[in-house]
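Comments concern the structure below.
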Amino acid sequence: MNSPTHAVSRRQALKQTFFFSAALALGARTTFVRAENIAAGGHQFLMVGDFGTGGKDQIAVAKAMQGYAAGLHLKPDGLFLMGDNFYGSFPEGLDSPRWKTQFEDMYPASAFPGPCWAILGNHDYDNEPVIKVAAELAYQKARPGTRWTMPAKWYRVEWPAENPVMTCLMLDSNYKNAISQLTPEEIARQRVWLKTELARPRTTRWLVVMGHHPLYNNGHHGNTEALIKDWGGLFQKHGVDFYFCGHDHDLQHMEFEGMRTSFVLSGGGGQSLHDVKPADHAFGMKVHGFTHLQVTKEKFTVRHLDADRKQVHAFSKTPDGKIEFLS
Ligand SMILES: [Fe+2]
C-alpha cells in the first residue's frame with residue numbers, strides 16, 4: 001500500500017467524508033424503487049453474493065429478488081452470482097440435488113431467464129467429499145440449457161452481444177483460503193490474462209471487474225491486501241469503472257478521491273450477517289439483500305435493496321466518473 005495508486009490516504013478518506021455526507025443531506029433513507037425510475041430502460045441485472053446456504057435467509061432474499069423484478073415489470077438481462085454459491089458439503093457433485101433446489105428453482109427461469117454469471121468464493125473451494133469447484137466449472141457443459149454460466153475460473157463477458165455497452169472481467173480472487181485455493185501458477189496466469197484484457201482497446205462504455213473478495217472493506221474480513229497489491233494499480237491504470245465483490249455478509253459502497261473505480265460489495269444473499277464498521281467515507285449496512293444494476297451508455301446506476309425490497313442505498317455514475325447519490 002505504498003503507491004498512491006493503491007493506497008487510500010487520509011486526504012482521500014476525508015474528501016469522501018464530504019462526498020457521503022452530502023448524500024446524507026439528500027436524505028439517506030430507505031425508499032421503494034419506483035417503476036418510472038426504471039422506465040428509462042437500458043440493461044438490467046440483479047446481483048447476489050454469499051447466498052448458498054439453502055436456509056430461510058437465502059429463500060427470503062431470492063423471493064425478494066423475484067418480487068422486486070415483478071414489481072418493476074422487469075425481466076433482468078441476467079444475474080451476477082458473486083461466490084459462496086454453495087456452502088457446506090456437496091456430496092454428489094454435478095448430480096447434487098442442490099443444483100435444482102438452490103439454483104434452478106431458487107432463482108427461477110420464469111423470473112430470471114437470462115444467463116447467471118457465477119464466480120468462485122472461498123466456500124466454493126471446500127473440497128470434501130468432492131471438489132466443488134470442479135462441479136461448478138463442469139455444470140454449464142453438462143446441463144445444456146441451464147442459465148448457470150461459469151466457463152472458467154476467470155472469463156470475460158460483453159453485454160449485450162450486439163453493440164455491447166459493458167465489459168465484465170470475472171475473476172477468481174481465492175488467493176488464500178482455509179482449505180484450498182488458486183495455485184501460485186494460476187494466480188500468475190490470471191494476472192497476465194487480466195493485464196492483457198485491460199490493455200485491449202476499450203470496446204464498451206463501461207469496464208467492470210468482479211471477484212468474490214473485496215479489495216477495500218469496512219466489514220468483518222477487512223481489506224484484502226494481496227488483491228490491492230495485485231489488482232489495485234491495474235484498475236487505476238486502465239480506468240476500471242466498478243469493482244463488484246461479496247465475501248462480507250452485508251452491503252457496502254466506497255469511493256476514494258483520485259480513484260476511478262467505485263467499490264461495491266454485495267454479500268447479503270443469505271448467510272448470517274457481519275457487522276460493518278461505521279465509516280463516514282462509505283456506505284455500509286448489516287442487512288440481507290441484493291443489488292440492482294441498470295446500465296445505459298450514459299449512466300450506470302447501482303441500487304442496494306434489502307430483503308423487504310426496500311432501497312437502502314443507490315447511486316449513479318456517468319462515463320466521466322461523476323457520482324450522483326440517489327439515496
Ligand atoms: Fe466468502
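The values are calculated or read from the model by the stated rules, or taken from the named source; none is laboratory data. All figures in this text were calculated on a predicted structure; none of them were measured in a lab. When we count neighbours, we look across all protein chains shown, and the Cβ atoms used for this are built from the backbone with ideal geometry, even at glycine. We work out accessible area using only protein heavy atoms, side chains counted, and drop any ligands, DNA or RNA first. Shrake-Rupley method; radii C 1.70, N 1.55, O 1.52, S 1.80 Å.
Report, by residue number, each residue of the range 230-257 that is of a type outside the set (D, E, K, R), part of a loop (DSSP other than H, G, I, E, B) and within 16 Å of the ligand (Cβ to nearest atom).
Answer for the range 230-257, where residues must be of a type outside the set (D, E, K, R), part of a loop (DSSP other than H, G, I, E, B) and within 16 Å of the ligand (Cβ to nearest atom): G246, H247, H249.
Give the residues of the range 61-70 that are open to solvent by less than 40 Å² (accessible area, probe 1.4 Å) and either away from the ligand (no atom under 16 Å from the Cβ) or modelled with pLDDT under 65 (or both), sorted by residue number.
The answer is A62, A64, M65, G67, Y68, A69.
Being under 15 Å from the mean Cα position of the chain (by Cα), among the β-branched types (V, I, T) and buried (at least 22 other Cβ atoms within 10 Å of the Cβ) is the requirement here; does V276 meet it? Working first, answer last.
Details: under 15 Å from the mean Cα position of the chain (by Cα): no; among the β-branched types (V, I, T): yes; buried (at least 22 other Cβ atoms within 10 Å of the Cβ): yes.
Answer is no for this residue.
Take the conditions open to solvent by 10 Å² or more (accessible area, probe 1.4 Å), under 18 Å from E158 (Cα atoms), more than 15 Å from the ligand (Cβ to nearest atom) and part of a loop (DSSP other than H, G, I, E, B) and apply them to T203. Does it pass?
So T203 fits the description; yes.
On the basis of being hydrophobic (A, V, I, L, M, F, W, C) and under 18 Å from the mean Cα position of the chain (by Cα), does F290 make the cut?
Considered against the rule, which asks whether it is hydrophobic (A, V, I, L, M, F, W, C) and under 18 Å from the mean Cα position of the chain (by Cα), F290 comes out as yes.
Look at H281 and say whether it is within 16 Å of the ligand (Cβ to nearest atom) and either more than 25 Å from H43 (Cα to Cα) or open to solvent by 10 Å² or more (accessible area, probe 1.4 Å) (or both).
no
Per-residue answers, yes or no, for (1) more than 22 Å from the chain's Cα centre (by Cα); (2) surrounded by fewer than 22 Cβ atoms within 10 Å (Cβ to Cβ); (3) within 16 Å of the ligand (Cβ to nearest atom):
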| residue | (1), (2), (3) |
| --- | --- |
| K75 | no, yes, no |
| F80 | no, no, yes |
| G93 | yes, yes, no |
| D105 | no, yes, no |
| A111 | no, yes, no |
| G114 | no, yes, no |
| N127 | yes, yes, yes |
| I131 | yes, yes, no |
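Which residue out of G222, G232, G239 is among the small types (G, A, S) and touching a residue at least 60 places away in the same chain (Cβ under 8 Å)? So that I can check it myself, show each step before the final result.
Values: G222 fails: touching a residue at least 60 places away in the same chain (Cβ under 8 Å); G239 fails: touching a residue at least 60 places away in the same chain (Cβ under 8 Å).
None of the others qualify; the one that does is G232.
Restricting attention to the range 133-147, and to residues there that are open to solvent by 10 Å² or more (accessible area, probe 1.4 Å) and charged (D, E, K, R), which single residue is farthest from P214 (Cα to Cα)?
If we take residues in the range 133-147 being open to solvent by 10 Å² or more (accessible area, probe 1.4 Å) and charged (D, E, K, R), then R143 is farthest from P214 (Cα to Cα).
Take the range 29-58 and flag every residue that is at pLDDT 95 or above and open to solvent by 70 Å² or more (accessible area, probe 1.4 Å).
K56
Would you mind finding the one in H253, H247 that is open to solvent by less than 10 Å² (accessible area, probe 1.4 Å) and touching a strand residue (DSSP E or B) at 6+ places or on another chain (Cβ under 8 Å)?
None of the other options fit; the residue is H253.
Among the listed residues P151, P144, which satisfies the condition of being more than 20 Å from the chain's Cα centre (by Cα) and not charged (D, E, K, R)? Step through it out loud before you land on a result.
On the way: P151 fails: more than 20 Å from the chain's Cα centre (by Cα).
On inspection, the qualifying residue turns out to be P144.
Pick out, from the range 266-327, the strands (runs of 3 or more DSSP E) lying fully within it that include 3 or more residues that are of a type in the set (K, R) and touching an Asp or Glu at 6+ places or on another chain (Cβ under 8 Å). Can you show your working first?
Details: elements: 282-285, 289-295, 300-306, 311-317, 323-325.
Once the strands (runs of 3 or more DSSP E) in the range 266-327 are filtered for at least 3 residues that are of a type in the set (K, R) and touching an Asp or Glu at 6+ places or on another chain (Cβ under 8 Å), nothing remains.
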